[in-house]
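The values are calculated or read from the model by the stated rules, or taken from the named source; none is laboratory data. Quick caveat, the model's predicted, so the values are computed rather than measured. Every residue, glycine among them, receives a Cβ derived from its backbone with ideal geometry; neighbour counts consider all protein chains shown. These accessible areas exclude ligands, DNA and RNA; they are computed on the full protein's heavy atoms, side chains included. Shrake-Rupley method; radii C 1.70, N 1.55, O 1.52, S 1.80 Å.
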Amino acid sequence: MISRRTMIAGLSAMAVPSLAGCAGQQRTPTPRLLATTQPITSPTDVGLDAVIDISHTSTVTDFTAIRSQGNILGVLHKATEGGDWYDPLYAQRRVQAQAAGLLWGAYHFGTHQYSGAQQAAAFLAATQSDPMTLLALDLEPNDRKPGNTMTLDQAEEFVQTIYQATGRLPLIYTHPTWANGGVYGRARISLGRPITTNSILASCDLWLVDYRLQPEMPMAWANRGWRLWQYAGDDYAGGGGPFGPMSRAVVGVDRCDRNLFQGNMTALYQFWNGVIGPAA
C-alpha cells in the first residue's frame, strides 16, 4: 500500500458489536471462498478488478479517464497517518473523484505514537465521511520507524472508536503473516500475537494484501474470506504483482495499487454504500 509519508489496554475483551461487516448495520456476512481451485491466470478469475488505492505520492491526471477508460469504479485514498499527519491532496481529490462518478474511500495508516482513539478521531475529522465513504485501517509494520508500529490493542481501540462514531466497522488492510503474528516486513518485526476470531478486528471485512498468485487467508478470517484483495502494489519489486507489470497500469494515474472485489458490480455498489443485501 502507498501508506508512508515518503512513499507513501486492548479491547479484545469487549463485546464485539452485532455488526459483522462495514457495509451496513444489519448485514450478516456470507462466508466466501478464498479463490477458485483452478489455476489463476488473470485477476478476473477471482474477483472484480475495479478498485485502486492511492495517496498524495501518486500523480492523478484525470479522474474521469480513471473511471471511463481505466474501468475503475472505486478509489481508496490515504487520509491520515498517526494522529497528526494529513494527506494534503485528500480533500480536493475526493471532490474530483466523486464528480467523475467514482466511489470514494479513505484509509488511515496506524502508528504507535498516539492511542487508537486519538488516531480514529484524527481520521474522522480529516475524512468528514458520509455513509457512502468506505473507511479502512491500514494495519502493517512501520518499516521506516519500527518502534512506531501500531499495536493490536491500538488497532482494536481504533476500530471500536470508528464503530461508535459511525455505526460501521472499517475494513482492515493487512498481510496474512502480519495478522497471524508472524515476522513480516523489511524491519522483520511482528504484531506480537495473532489476531483471533474473538477480536473486534475479525468482525471487520478484510482488505487482504498478498502479492502471490494464490493468496493466504489470515486465521481470523478463515471462515469469511476477503472482501478486497490487493494483488498488485505500486512499489512491488516483481513488476506489479503476480500478473505482470501491466496489471497495475490505469489510465489517468501514474501509479497505484490494484485491488479485486469479491463479487460483481452490483455487489460492489451495495457493499460500498452500505446497502443491505446479498453479495452476488
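Overview of values
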quantity: Exclusive hit being of a type in the set (S, T, N, Q) and touching a Gly at 6+ places or on another chain (Cβ under 6 Å), set GLN214, GLN154, GLN164, GLN160; calculated: GLN154
quantity: Enumeration of residues in segment 59-91 that are under 17 Å from the mean Cα position of the chain (by Cα) and over 23 Å from LEU124 (Cβ atoms); calculated: ILE72, LEU73
quantity: Long-range neighbours under 7 Å by Cβ, at least six apart or interchain, first residue surrounded by fewer than 20 Cβ atoms within 10 Å (Cβ to Cβ) within segment 206-223, second outside any loop (DSSP other than H, G, I, E, B) and not basic (Lys, Arg); calculated: TYR211/TYR231; TYR211/ALA232; GLU216/PRO176
quantity: Matching residues, segment 196-216, being within 15 Å of the chain's Cα centre (by Cα) and part of a loop (DSSP other than H, G, I, E, B); calculated: CYS204, ASP205, ASP210, TYR211
quantity: Qualifying position, being at pLDDT 95 or above and closer than 29 Å to ALA222 by Cα, among VAL95, VAL60, VAL46, VAL51; calculated: VAL51
quantity: Hits in segment 63-94 (condition: among the aliphatic types (A, V, I, L, M) and assigned to a loop (DSSP other than H, G, I, E, B)); calculated: ILE72, LEU73, LEU89
quantity: GLY70 modelled with pLDDT of 95 or more, more than 25 Å from LEU191 (Cα to Cα) and not basic (Lys, Arg); calculated: no
quantity: Output for segment 179-205, where each listed residue is of a type in the set (Gly, Ala, Ser), surrounded by fewer than 20 Cβ atoms within 10 Å (Cβ to Cβ) and in contact with a Pro (Cβ under 6 Å, 6 or more places away or on another chain); calculated: GLY181, GLY185, ALA187
quantity: Residue match in segment 134-141 (condition: at pLDDT 95 or above, over 22 Å from SER55 (Cβ atoms) and either touching a Phe, Trp or Tyr at 6+ places or on another chain (Cβ under 7 Å) or surrounded by 15 or more Cβ atoms within 10 Å (Cβ to Cβ) (or both)); calculated: no
quantity: Test result for THR80, crowded, with 16+ Cβ neighbours inside 10 Å and either polar (S, T, N, Q) or at positive phi (or both); calculated: yes
quantity: Condition met for LEU103 (on the phi < 0 side of the Ramachandran plot, of a type in the set (A, V, I, L, M, F, W, C), in contact with a Leu (Cβ under 7 Å, 6 or more places away or on another chain) and at pLDDT 95 or above); calculated: yes
quantity: Answer residue from segment 161-178, given it is in contact with a helix residue (DSSP H, G or I) (Cβ under 6 Å, 6 or more places away or on another chain) and open to solvent by less than 20 Å² (accessible area, probe 1.4 Å) and is nearest to ALA106 (Cα to Cα) among those; calculated: PRO170
